[in-house]
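A short write-up of the structure that comes next.
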Amino acid sequence: MADAGLFIGWGEVVRGREDRALDVFNETLELYGHMQADGRIESFEVALLNPHGGELQGFVMLRGSEAQIDAVNRDEDFQRVMTKGSLVVDDLGIIPAAINDGLARAMAIYQAEVAVVA
């Protein structure tokens, strides 16, 4: 079971770059599909958000082991599509996430530190 994630969120598409944004989106999803098929990640989920007045328009959550997620961050193809993405959307964010067993470890660290300051 995956214990680490990579949350990749984005804002509005840059005006005038809508067609390029679609191409980059499809290229990125293709890369994630290959990563999953090759065992480089366990899974991924894509969400497009309804208009809500906020900046976040959609996100992808990649799931895998800590080693898999660390390797994704260093993968040149991943870095390339993230660079392409940053040129066609506003507010691109790439954020490591603790999930499942990783969440339990992160909460244990947090609880231990709360006990120190309490």
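Measure off, as a whole percent, the carbon and sulfur share of the 1.4 Å-probe accessible area of the chain, all protein chains present. That share works out to 55 percent.
Please list the three semi-axes, largest first and in whole Å, of the ellipsoid equivalent to the chain, using sqrt of 5 times the eigenvalues of its alpha carbon gyration tensor.
Numbers: eigenvalues 161, 72, 26 Å².
That gives 28, 19, 11 Å for the three semi-axes.
So what is the relative contact order for the chain, in percent, with contacts set as C-alpha pairs under 8 Å and at least six apart?
On the way: 174 pairs, mean separation 53.5, N = 118.
Reported as a whole number, the value is 45 percent.
Hey, quick one: spin label on Asp70, modelled 7 Å out along Cα-Cβ, who in region 1-17 has an amide N within reach, i.e. under 13 Å? Label zone hits: 4. Per-residue ellipticity at 222 nm from helix content only, as computed over the chain with -39500 (n - 2.57) for each DSSP H run of at least four residues, stands at -15500 deg cm²/dmol.
For region 25-118, which GluC sites (Glu not before Pro) are in a loop by DSSP, counting at most 16 other Cβ atoms within 10 Å?
Numbers: sites: Glu27, Glu30, Glu42, Glu45, Glu55, Glu66, Glu76, Glu113; in loops: Glu42, Glu55.
In loop regions of region 25-118 (DSSP not H, G, I, E or B), the sparsely surrounded GluC sites (Glu not before Pro) are Glu55.
With all protein chains in place and ligands, DNA and RNA left out, the 1.4 Å accessible area ranks Thr28, Thr83 as Thr83, Thr28, largest first. A straight chain from Leu103 to Asp91 at 0.36 nm per residue would run longer than the Cα-Cα distance by 1.8 nm. Between Leu56 and Leu29, the modelled labels are 2.0 nm apart [label points 7 Å from Cα along Cα→Cβ]. Note on surface exposure: Val60, Val114 rank Val114, Val60 by accessible area, highest first, 1.4 Å probe.
The values are calculated or read from the model by the stated rules, or taken from the named source; none is laboratory data. All values derive from a computational prediction rather than experimental measurement. Counting neighbours? That spans all protein chains shown, and the Cβs are built from the backbone with ideal geometry, glycine included. Ligands, DNA and RNA are excluded from the accessible area calculation, which covers all protein heavy atoms including side chains. Shrake-Rupley method; radii C 1.70, N 1.55, O 1.52, S 1.80 Å.
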